[in-house]
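Structure record follows, encoded as structure tokens.
The values are calculated or read from the model by the stated rules, or taken from the named source; none is laboratory data. Nothing here was measured: the structure is a model prediction, and the numbers come from that model. Neighbour counts are summed over all protein chains in view; Cβ atoms, including those assigned to glycine, are modelled from backbone coordinates with ideal geometry.
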Ligand code: GLU
């Protein structure tokens, strides 16, 4: 892989940006330029490749759910996490609540809002300061901070997520205070990252939780395996099945336009393209990843067959 390929991939993906729309249900997100597109790749061997808007800051949104999951697994363990959510893909949208109405039901997975909010409850004792430094460490980016404008914009428009928190509380799936849980969830969605920060996180996951530069283990192997499996099966909302066929890499998208992808054993990839499809995935970003995966034969089943 080289930067010529990344440039070609962006050229291939760019026209698709026009077919999507930037998120507007969080009004502040509606202000970004939907035509921006960028990518950063970091290999375990130490190479950095990039093209387009790779330095542009944007809010992490649902990609924070990956970080919440790894921190909760490290801090509270597998049993505590999966008492609060299942591990099943869902055919429903990311903020659906209909499946929670049965008294026995628990959220489908850690990446739908209901599951992610239940997991953030486990992180409330850590608080924002510790979570922020965890995010900065996992993404090797000390400049990650809260985008106050996006946070305030979502906080003023979070009736649906608030009702999910109450539903979870009524089922005993969160025991932490409603406001503390919802505020921390929303703050963690509002963190400003770049494609490069995401590629750093991807590279750490690609390297089984060991930071390549230092050789230090940051995450347990089984935490990484669980997280990558959830990303592969549930990371792209209700588009996860088709994305797995077309790209075949553990990935997680956010409505800020980011996609985090992992090529296990090789590299992390961060993509930014804020024009979204109807499911909330970056329209052009998915095409960029499809182009790269096809050209370089990165689909995990292609690689397994080799
Ligand atoms: N903060 C967003 C929400 O909860 C995240 C959604 C997303 O990226 O899927 O609605």
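Annotation note: Cβ proximity below 8 Å between a residue of the range 245-258 that is more than 13 Å from residue 233 (Cβ to Cβ) and in contact (Cβ under 8 Å) with a residue 40 or more places away in the chain and a residue that is near the ligand (Cβ under 9 Å from one of its atoms) and assigned to a strand (DSSP E or B) (sequence gap 6+ or interchain) occurs for 254/59; 256/59. Answer yes or no: is there a residue in the range 81-98 that is over 19 Å from the mean Cα position of the chain (by Cα), modelled with pLDDT under 95, part of a helix (DSSP H, G or I) and farther than 18 Å from residue 231 by Cα. Yes, the range 81-98 has at least one match. Counting residues in the range 264-278 that are in a helix (DSSP H, G or I) and closer than 29 Å to residue 150 by Cβ gives zero. Beta carbons closer than 6 Å, at least 6 apart along the sequence or on distinct chains, pair a first residue in the range 226-244 that is more than 15 Å from residue 115 (Cα to Cα) with a second that is at pLDDT 95 or above and part of a helix (DSSP H, G or I) for 240/234.
Considering the range 76-106 alone, what residues qualify as being within 29 Å of residue 145 (Cα to Cα) and within 14 Å of the ligand (Cβ to nearest atom)? Selection gives 93, 94, 95, 96. Within the range 145-174, if we keep just the residues that are in contact with a helix residue (DSSP H, G or I) (Cβ under 9 Å, 6 or more places away or on another chain) and away from the ligand (no atom under 16 Å from the Cβ), the residue that is farthest from residue 194 (Cα to Cα) turns out to be 171. Taken over the range 244-257, the residue count meeting the criterion of being within 13 Å of the ligand (Cβ to nearest atom), in a loop (DSSP other than H, G, I, E, B) and in contact with a helix residue (DSSP H, G or I) (Cβ under 6 Å, 6 or more places away or on another chain) is 3.
Counting just the residues of the range 44-66 that are on the phi > 0 side of the Ramachandran plot and crowded, with 23+ Cβ neighbours inside 10 Å, which one comes out nearest to the ligand (Cβ to nearest atom)? Applying the filter and picking the extreme gives 61. A single member of 209, 202 is surrounded by fewer than 22 Cβ atoms within 10 Å (Cβ to Cβ) and either over 18 Å from residue 121 (Cα atoms) or in contact with a strand residue (DSSP E or B) (Cβ under 7 Å, 6 or more places away or on another chain) (or both), and it is 209.
Here residue 101 meets each of (1) at pLDDT 95 or above; (2) in contact with a helix residue (DSSP H, G or I) (Cβ under 9 Å, 6 or more places away or on another chain); (3) farther than 20 Å from residue 194 by Cβ with one exception, condition (1). Being closer than 15 Å to residue 63 by Cα and touching a helix residue (DSSP H, G or I) at 6+ places or on another chain (Cβ under 7 Å) is true of residue 260. Cβ-Cβ contacts under 7 Å between residues 6 or more apart (or on different chains), taken from a first residue in the range 163-186 that is more than 15 Å from residue 113 (Cβ to Cβ) to a second residue that is away from the ligand (no atom under 16 Å from the Cβ) and part of a helix (DSSP H, G or I), are absent. Based on what the data block shows, is residue 120 within 11 Å of the ligand (Cβ to nearest atom), within 15 Å of the chain's Cα centre (by Cα) and either over 30 Å from residue 51 (Cβ atoms) or assigned to a helix (DSSP H, G or I) (or both)? Spelling it out, residue 120 is indeed within 11 Å of the ligand (Cβ to nearest atom), within 15 Å of the chain's Cα centre (by Cα) and either over 30 Å from residue 51 (Cβ atoms) or assigned to a helix (DSSP H, G or I) (or both).
For residue 69, the test of being part of a helix (DSSP H, G or I) and within 16 Å of the ligand (Cβ to nearest atom) is passed. Answer with yes or no whether residue 46 is under 20 Å from the mean Cα position of the chain (by Cα), in contact (Cβ under 8 Å) with a residue 60 or more places away in the chain and in a loop (DSSP other than H, G, I, E, B). It is false that residue 46 is under 20 Å from the mean Cα position of the chain (by Cα), in contact (Cβ under 8 Å) with a residue 60 or more places away in the chain and in a loop (DSSP other than H, G, I, E, B).
Residue 19 passes every criterion in (1) surrounded by fewer than 23 Cβ atoms within 10 Å (Cβ to Cβ); (2) within 14 Å of residue 275 (Cα to Cα); (3) within 16 Å of the ligand (Cβ to nearest atom) apart from (3).
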